[in-house]
Amino acid sequence: MALIHLIYISTAKKQYESAELDRILESAVRYNTEHAVTGMLLYVGGCFMQVLEGEESSVDAAFARIRSDSRHDGILLIQRESIPQRSFDRWSMGFRRIGPADADAHPAFAPFFKRNFKPSSMGVKPGLALELLKDFGLSQREIRVG
Ligand SMILES: Cc1cc2nc3c(=O)[nH]c(=O)nc-3n(C[C@H](O)[C@H](O)[C@H](O)COP(=O)(O)O)c2cc1C
C-alpha cells in the first residue's frame with residue numbers, strides 16, 4: 001500500500017457562490033469517501049488550492065476527475081510524493097473559503113491572496129503550500145454526504 005499526497009493550484013473559471021462550491025464538495029466527498037481519499041480544499045480570490053492524500057491509485061484517479069472538471073483550469077501540480085501518514089485523516093475533503101483578513105496571517109502566501117493571481121506565476125515552495133493547507137485545516141468546516 002503506497003500512501004501519497006498530491007497538492008495543486010488552479011484558477012476558477014469564474015467567481016463561485018457558496019451553492020456551486022457546495023456542489024463541488026458534495027461530489028468530492030462522495031468519491032473520496034468511497035476511495036479513502038482525504039484532504040483539504042481552499043478557495044481564495046478565484047483560485048483553488050487542494051491537497052489530496054490516500055492510496056496512490058485512488059489519489060491519481062481523483063486528480064484525473066479534478067483535471068477534467070471545466071469549472072477550473074490552469075492546473076499547476078505542486079507536489080506528488082509518498083508520505084508516511086495522513087495529515088488530513090479527519091476529512092474526506094475539508095473546505096475553507098479564505099478572505100482578505102486571512103492574508104495578514106500568512107504573509108508568505110501574499111501573492112496567492114491577491115486579485116488576478118495566476119497560479120503559474122507563483123513559485124510555490126511545496127513545503128509552504130502544505131503548511132498553509134494544514135494551517136487552514138485546523139479551523140475548517142466539513143461537508144458529509146449521506
Ligand atoms: C476545485 C475542485 C476540487 C475538486 N475536488 C475533488 C475531489 O477531491 N475528489 C473528487 O472526486 N472530485 C473532486 N472534484 C469534482 C470533480 O472534478 C467532478 O465534479 C467530478 O468528476 C464529477 O463527477 P460526479 O458527476 O460523479 O460527481 C473537484 C472539482 C473542483 C472544481
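The values are calculated or read from the model by the stated rules, or taken from the named source; none is laboratory data. Every value quoted in this text rests on a predicted model; they were computed, and no experiment measured them. Backbone-built Cβ (ideal geometry, glycine too); neighbour counts: all protein chains shown.
Gln50 falls short on exactly one of the conditions (1) assigned to a strand (DSSP E or B); (2) surrounded by fewer than 18 Cβ atoms within 10 Å (Cβ to Cβ), and that condition is (2). Filtering region 27-38 down to residues that are under 19 Å from Leu3 (Cα atoms) and without any contact (Cβ under 8 Å) to a residue 60 or more places away in the chain, which residue is nearest to the chain's Cα centre (by Cα)? Per the criteria, the residue is Thr38. Within region 17-38, if we keep just the residues that are surrounded by fewer than 20 Cβ atoms within 10 Å (Cβ to Cβ) and closer than 20 Å to Gln85 by Cβ, the residue that is nearest to the ligand (Cβ to nearest atom) turns out to be His35. With respect to the conditions (1) within 8 Å of the ligand (Cβ to nearest atom); (2) part of a loop (DSSP other than H, G, I, E, B), Met1 lacks only one, and its number is (1).
Condition first: part of a strand (DSSP E or B), more than 9 Å from the ligand (Cβ to nearest atom), on the phi > 0 side of the Ramachandran plot and at pLDDT below 95. Can you find one or more residues in region 6-13 that meet it? Scanning region 6-13, I find no residue that is part of a strand (DSSP E or B), more than 9 Å from the ligand (Cβ to nearest atom), on the phi > 0 side of the Ramachandran plot and at pLDDT below 95, so the answer is no.
Let's see how each residue does on (1) under 20 Å from Gly127 (Cα atoms); (2) near the ligand (Cβ under 8 Å from one of its atoms); (3) small (Gly, Ala, Ser); (4) in a helix (DSSP H, G or I):
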| residue | (1), (2), (3), (4) |
| --- | --- |
| Gln15 | no, no, no, no |
| Met40 | yes, no, no, no |
| Ser57 | no, no, yes, yes |
| Gly74 | no, no, yes, no |
| Arg90 | no, no, no, no |
| Arg96 | yes, no, no, no |
| Ala101 | no, no, yes, yes |
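Would you pick out the residues in region 52-111 that are basic (Lys, Arg) and closer than 27 Å to Leu3 by Cβ?
Arg65, Arg67, Arg80, Arg86, Arg90, Arg96
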